[in-house]
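The values are calculated or read from the model by the stated rules, or taken from the named source; none is laboratory data. None of these values were measured; they are calculated from a predicted model. FYI the Cβ positions are ideal-geometry reconstructions off the backbone, even for glycines, and counts take in every protein chain you see. For accessibility, only protein heavy atoms count, side chains too; no ligands or nucleic acids. Shrake-Rupley method; radii C 1.70, N 1.55, O 1.52, S 1.80 Å.
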Amino acid sequence: MKNIFITGISSDIGMYLAEKFYTEEKFAVSGTYRTMNSSLEKLNEKRNMKLYCCDFSAKAETKKLIHKLNADKAEWDIFISSVGTMEPIGRFLENDFEKWERNIYLNTLSQLELLHGIAGMKRENAMVLFWAGGGTNGTFTNYSAYCISKIILIKMCELLYDEYPEWKIVIAGPGFIKTKIHNETFKAGMLAGDNLARTLHWFEDEECEEKSLKNVYQFVKWAYEQKKEIVSGRNFSIVHDDWKNDEALISLLSNDENMYKLRRYGN
């Protein structure tokens, strides 16, 4: 039986993918959570489900998780990292630098440390998937730590594929989805700048959440089915890239190794 491992399985995206891959793809599911809740308790009661408690903001807990997963021989076919925070929100010089630094660790370094520690349990033809965020094609004002952490992940996906060409490693921007992470923007208020009004506007779209989550699930399936030469090292936009028009996009990607990668504009 194939297994999907999801860090942050208690996140809205993580929970949706866990349920979809369990019920529709018949995958065994394992993943991490920080705080147990009723939804996770129900998930944990199902057969072929295994959950691990881990706070990725604490380096010691990441190391304990790696040790536990290796002890359990937790092999995986799909690794998805859904851990993340946008805090601290606000202009760089007004933020507490230690909090800014912790954002980089949680959003980037802890996830790479986990992947490094459990890479030996990757099965043949497995896929690694990270989530990208705002700022790829411009600035994400007042969210510098979050933006920088995603840029690091984008480049790391390309670097890892270059170093390990047998890997399938992908990063994708899911677009706006009404998830719990946006409560951080509401909490920040005016410190969020123009993004506060944009987030409030997006939340008025009643169809946004289910439609977007379904697209995320379909994209993950699509990426997993593709040859590594097509998708690896690339940063996809689930909302804007025409991955549903399968043949046309595959043709473009096959002929342009720089497409959907971090490059200087016009280079």
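Which residue is most open to solvent (accessible area, probe 1.4 Å), if the candidates are limited to the range 94-136 and must be among the polar types (S, T, N, Q) and within 18 Å of VAL170 (Cα to Cα)? Among those residues, the one meeting the criterion is ASN125. Scanning the range 42-57 for residues that are over 19 Å from the mean Cα position of the chain (by Cα) and not in a helix (DSSP H, G or I), we see that the one that is nearest to TRP100 (Cα to Cα) is LYS50. In the range 187-204, is there at least one residue being free of Cβ contacts under 8 Å to residues at least 12 places away in the same chain and part of a loop (DSSP other than H, G, I, E, B)? Yes, there is a match, as at least one residue in the range 187-204 is free of Cβ contacts under 8 Å to residues at least 12 places away in the same chain and part of a loop (DSSP other than H, G, I, E, B). Taken over the range 110-145, the criterion of being part of a strand (DSSP E or B) and in contact with a Lys or Arg (Cβ under 6 Å, 6 or more places away or on another chain) is satisfied by MET127 alone. Close Cβ contacts (under 7 Å, 6 or more residues apart or on different chains) running from residues in the range 228-257 that are at pLDDT below 95 to residues that are of a type in the set (Phe, Trp, Tyr) and part of a loop (DSSP other than H, G, I, E, B) comprise LEU249/TRP243. For GLU158, the test of being within 20 Å of LEU253 (Cβ to Cβ), of a type in the set (Asp, Glu), out of contact with any Lys or Arg (no Cβ under 6 Å at 6 or more places or on another chain) and in a helix (DSSP H, G or I) is failed. Scanning the range 1-25 for residues that are surrounded by 20 or more Cβ atoms within 10 Å (Cβ to Cβ) and in contact with a strand residue (DSSP E or B) (Cβ under 7 Å, 6 or more places away or on another chain) returns ASN3, ILE4, PHE5, ILE6, THR7, GLY8, ILE9, SER10, GLY14, LEU17, ALA18, PHE21. Just wondering, is there one or more residues in the range 74-88 that are part of a loop (DSSP other than H, G, I, E, B), of a type in the set (Asp, Glu) and farther than 30 Å from LEU196 by Cα? Checked against the condition, which is being part of a loop (DSSP other than H, G, I, E, B), of a type in the set (Asp, Glu) and farther than 30 Å from LEU196 by Cα, the range 74-88 yields at least one hit. Restricting SER10, SER39 to residues that are assigned to a helix (DSSP H, G or I) and without any contact (Cβ under 8 Å) to a residue 40 or more places away in the chain narrows the list to SER39. When LYS187 is tested against (1) open to solvent by 60 Å² or more (accessible area, probe 1.4 Å); (2) farther than 21 Å from VAL83 by Cβ, exactly one condition is not met: (2).
When ALA58, ALA28 are checked against the criterion of being of a type in the set (A, V, I, L, M, F, W, C) and open to solvent by 20 Å² or more (accessible area, probe 1.4 Å), ALA58 stands alone in meeting it. For the range 220-247, residues that are assigned to a helix (DSSP H, G or I), out of contact with any Phe, Trp or Tyr (no Cβ under 6 Å at 6 or more places or on another chain) and within 23 Å of ASN137 (Cβ to Cβ) total 4. Condition (residue is among the charged types (D, E, K, R) and over 18 Å from the mean Cα position of the chain (by Cα)) applied to the range 109-119: is it met by at least one residue? No; the residues of the range 109-119 include none that is among the charged types (D, E, K, R) and over 18 Å from the mean Cα position of the chain (by Cα). Residues of the range 110-124 include at least one that is among the hydroxyl-bearing types (Ser, Thr, Tyr) and at pLDDT 95 or above. Of everything in the range 61-90 that is aliphatic (A, V, I, L, M) and over 19 Å from the mean Cα position of the chain (by Cα), the residue that is surrounded by the fewest Cβ atoms within 10 Å (Cβ to Cβ) is ALA71.
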